[in-house]
1. Helix-derived [θ] at 222 nm for the chain: sum -39500 (n - 2.57) over DSSP H runs of at least 4, divide by residue count, nearest 500?
2. What size of dipole, in debye to the nearest 20, comes out for segment 40-96 about its Cα centre when the only charges are +1 on Lys and Arg C-beta atoms and -1 on Asp and Glu C-beta atoms?
3. Quick one: net charge of residue 343's neighbours, Cβ under 9 Å, K/R +1, D/E -1?
4. Using alpha carbons only, how many angstrom separate the centre of segment 154-187 from the centre of segment 200-227?
5. When only Cα pairs under 8 Å and 6 or more residues apart are kept, what is the percent relative contact order across segment 7-383?
6. Which residue fluctuates the most in the chain, going by a Gaussian network model with Cα springs under 10 Å, if the choices are 197, 277, 205?
7. Among DSSP beta bridges lying fully in segment 7-383, give the percent that are antiparallel, nearest 5.
8. Using each residue's phi in segment 220-237, evaluate 6.51 cos²θ - 1.76 cosθ + 1.60 at θ = phi - 60° and report the 3J(HN,Hα) Karplus result to the nearest Hz, with x for Gly and Pro.
Amino acid sequence: MTQPLPLLHQQPTDPAFVQNPYPFYAKAHALGAAFHWAEYQMDCVVQYDLARRIFSHPAFGRADPNPAKKPDHLTDFWAVEDHSMLELEAPRHPVLRKQVLRAFTSRRVRDLAPEITALAHQLIDAFPSQPFDLLTAYAQQIPVIVIARLLGVPDHDAPRLLAWSHDIVKMYQAQRSHADEVAANTAAAEFSNYVQTHIDAKRCTATDDLLSAMIAEEALTGPEIVSTAILLLNAGHEATVHTMGNAVVALINHACPASDPAIEEAMRFDPPLHLFTRWVYEDVILDGVAFHKGQQIALLLAAANRDPARWDQPHRFDPSRVPQQHLAFGAGGHFCLGAPLARLELGIGLRVLFQRCPDLQLVQPPQFADIFHFHGLDRLIVQV
Ligand code: HEM
């Protein structure tokens, strides 16, 4: 026997929610494993165990089983998205993911450590003595330069990559205008041409980088390499910037050193991506919640990370907790492919920052940007 899900109302653009969505998630937890979010017209899962089961359950997936015809003004955006591993399921997804992982090896990631350390020092050397925005001066620079080097495109293109990435990720926000969609489409077209030009050059002369390694994987098609390069930049960049910003705030507010457990706890406590959707491929009842074929549901990762059934005093930032897997990187078949790189960047970036700037302090109360499903700061004005 299943009961209809409780109904909750919450505008995702409401300023109080944008600044602190956790009271809303706590309200949802008090009602059960899942609720119906009126403004999204979607069933949303907040319970940790149920969200994890769904991430790995074959009845759920990212690929839309009945894709509608895409509007003409989004042709270039969808040309990229249609080959993105994040939007595919079996049989293509596991093959594509395996091929990309063969190029994106742990050695390739580990080898970046000295470069990331040097880059962090170089950026800190340039910090001004007056208050400044740590997001633009530091948190944004590390991931974009690292991913550019990893792919094998020049550092000096970082500002263009950033601009394209910003325009494209607007497509994943709760509220977006027609102008945002047109800008995302233009960015997708320009970004694809840019990656294709580099692929053509590397086909003639291979270099020791991820793009060349993907070209060498014969099972990857040209459009898949272009989409993967764009996905790595978009997925790898925005989430890491926001995680670093949110973690700096948590570490300063709790006077906590930047240790590995503290960084993991920061990712549990205030992750940058709050909502991921899944399509339901067949009727199924899990933990008393009925899911219906054809329905699209949401998994609220940040709510699952504060599930009181999973974590003692979930709203407390406590790096000394017994480590348990949080859901900031998802789980199951789409588990974040870049998690080792993100952990390396955050570990080095935060450690070097706090070692070099022991008196780092917030000059203004941090304000979150109105960009849900992302949860990241607008700016982070600090003094060193
Ligand atoms: C702290 C930073 C990051 C966070 C919080 C994060 C979070 C996530 C999450 C939650 C997913 C799963 C989405 C789903 O299941 O629907 C995901 C997937 C993915 N992430 Fe990350 N990510 C981060 C950094 C990175 C980096 C640095 C890269 C690469 C350079 C990356 C590349 C990817 C890719 C390619 C996927 C798709 C995997 C697949 O579909 O099989 N991410 N990420």
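1. Taken over the chain, the calculation gives -15000 deg cm²/dmol.
2. With only Lys, Arg, Asp and Glu charged at Cβ, the dipole is about 200 debye.
3. Neighbourhood net charge equals -3.
4. What the calculation gives is 24 Å, centre to centre.
5. In percent, rounded to a whole number, it is 27.
6. 205
7. Here the share of antiparallel DSSP bridges comes out near 80 percent.
8. So the Karplus estimates, Gly and Pro as x, are 8, 7, x, x, 5, 5, 4, 4, 5, 4, 5, 4, 4, 5, 5, 5, x, 8 Hz.
The values are calculated or read from the model by the stated rules, or taken from the named source; none is laboratory data. This is a predicted model, so every value here is computed, not measured. For neighbour counting, all protein chains shown are included, and Cβ atoms are generated from backbone atoms with ideal geometry for every residue, glycine included. Calculation scope for accessible area: heavy atoms of the full protein, side chains included, ligands and nucleic acids excluded. Shrake-Rupley method; radii C 1.70, N 1.55, O 1.52, S 1.80 Å.
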